[in-house]
1. If I ask for residues that are without any contact (Cβ under 8 Å) to a residue 12 or more places away in the chain and of a type in the set (Gly, Ala, Ser), which ones from segment A:1-27 would you list?
2. Mind checking which strands (runs of 3 or more DSSP E) fall wholly inside segment A:70-179 and carry at least 2 residues that are within 9 Å of chain B (Cβ to nearest Cβ) and in contact with a strand residue (DSSP E or B) (Cβ under 9 Å, 6 or more places away or on another chain)?
3. Check segment B:53-66 and report whether any residue there is polar (S, T, N, Q) and farther than 30 Å from A:ALA174 by Cα.
4. With the checklist (1) free of Cβ contacts under 8 Å to residues at least 60 places away in the same chain; (2) of a type in the set (Lys, Arg); (3) crowded, with 16+ Cβ neighbours inside 10 Å in hand, flag the one item B:ARG44 doesn't pass.
5. Looking at segment B:1-44, what helices (runs of 4 or more DSSP H) fall wholly within it and have at least 1 residues that are touching a Gly at 6+ places or on another chain (Cβ under 8 Å) and either at pLDDT 95 or above or of a type in the set (Lys, Arg) (or both)?
6. Can you tell me which of A:VAL118, A:VAL194, A:VAL153 is touching a residue at least 40 places away in the same chain (Cβ under 8 Å), surrounded by 15 or more Cβ atoms within 10 Å (Cβ to Cβ) and among the aliphatic types (A, V, I, L, M)?
2 protein chains.
Amino acid sequence: MEVRERERFVLDTSAFTNPETYALLGDSPREAFIRFLAFARTRRGDMEFFMPPSVYEELLRFVGPDDLPPDVELLIRLRPPRRYEVQVRGAFLYELIEEIRNRINKGLRVAETAVREVKGVKDPEATITRLRERYRTALRVGIIDSREDLELVLLALELDAALLSSDTGIFTWAEKLGVRLLHPKGIFTLAASVKVE
Amino acid sequence: MEVRERERFVLDTSAFTNPETYALLGDSPREAFIRFLAFARTRRGDMEFFMPPSVYEELLRFVGPDDLPPDVELLIRLRPPRRYEVQVRGAFLYELIEEIRNRINKGLRVAETAVREVKGVKDPEATITRLRERYRTALRVGIIDSREDLELVLLALELDAALLSSDTGIFTWAEKLGVRLLHPKGIFTLAASVKVE
């Protein structure tokens with residue numbers, strides 16, 4: 001008897017919410033997700049799909065929790081990382097803190113610019129809206145800044161799984177930890193070829 | 001022959017720059033540091049003092065690099081943490097990222113307040129100065145946000161040393177990692193009783 005190890009994948013919400021990728025599988029994140037489940041059902045023999053529960057919660061906000069197939073949690077295993085077991089080297093913390101420090105400094109520059117700008121404008125609310133966008137971009141895009149992002153990366157590390165995401169921040173940090181990266185396009189194109197009854 | 005293990009201490013700059021603590025040893029950070037070296041000289045048999053080089057550099061900005069005793073680096077061992085060896089659990093990253101996320105949100109509130117405030121004032125520069133202070137407090141005080149802070153905590157962890165600091169941010173994070181904490185007051189009071197020739 002041949003024993004084959006199944007390939008493991010950790011799925012990020014972004015694969016199903018980024019229009020560039022979900023469009024390969026359907027007209028909405030929900031359609032894409034249900035189509036993907038059909039694919040996962042056909043690959044139970046050689047592929048295992050995982051999501052941290054926090055990330056699955058996030059996904060449900062996009063696809064809706066009702067009327068999902070009864071086997072959804074058999075196809076997408078909800079598994080948090082073992083956060084009291086998985087370890088990272090100190091060097092990873094150096095990079096994280098260096099990056100966060102740079103972002104914090106950028107955030108202050110963005111705030112200063114907004115204060116100077118608002119003097120000349122009529123409506124401070126427009127400046128505040130712009131401030132929020134710029135601040136968000138300066139501080140959040142491209143770094144791990146949420147529990148969900150962290151759980152994706154740690155789970156993929158722990159399970160030695162490929163991380164399926166279209167978020168560059170997650171990719172950057174997963175790369176630092178030696179996690180296998182997988183752009184959703186390839187596997188979604190495969191999934192699209194599966195007939196749904 | 002009895003073999004005694006020497007007690008290990010990691011020193012933070014703050015012990016020598018905080019007026020509440022350096023005053024126990026002298027009228028300036030420099031005086032306090034030189035006095036502390038005299039104490040360390042008498043305790044070579046039972047105490048070992050360490051500083052990460054990055055933190056020592058920081059200290060030299062306060063005490064001046066010139067005319068220090070020739071044995072300064074024998075008394076204060078300059079030792080970076082082994083950052084490719086020392087490890088932390090994933091759970092530590094959860095706490096770090098949660099805290100940073102809260103700080104980032106606070107920073108945005110501070111920036112918004114400054115934008116609203118500046119509308120009514122003559123001199124935007126005063127608002128910007130206040131913004132910088134408040135932003136710094138919101139984002140930096142009480143967290144590990146620099147390489148120096150991180151190195152102190154990791155070195156104390158790696159060496160199983162007591163961390164001598166008067167910085168609450170460093171204390172908070174060292175505590176999460178199970179590092180022994182030592183307020184400078186006690187050991188500085190001991191050091192003050194050493195006669196300097």
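The values are calculated or read from the model by the stated rules, or taken from the named source; none is laboratory data. Everything numeric here is computed off the predicted structure, so don't read it as measured data. Using ideal geometry, Cβ is built from the backbone for each residue, glycine included, and neighbour counts are taken over all protein chains shown.
1. A:ALA23, A:GLY26
2. Those strands (runs of 3 or more DSSP E) span A:87-89.
3. First, pick out the residues of segment B:53-66 that are polar (S, T, N, Q): B:54.
Okay, now just the ones that are also farther than 30 Å from A:ALA174 by Cα, so none.
The answer is no; no qualifying residue exists.
4. Exception for B:ARG44: condition (3).
5. Passing ranges, in order: B:29-42.
6. None of the other options fit; the residue is A:VAL194.
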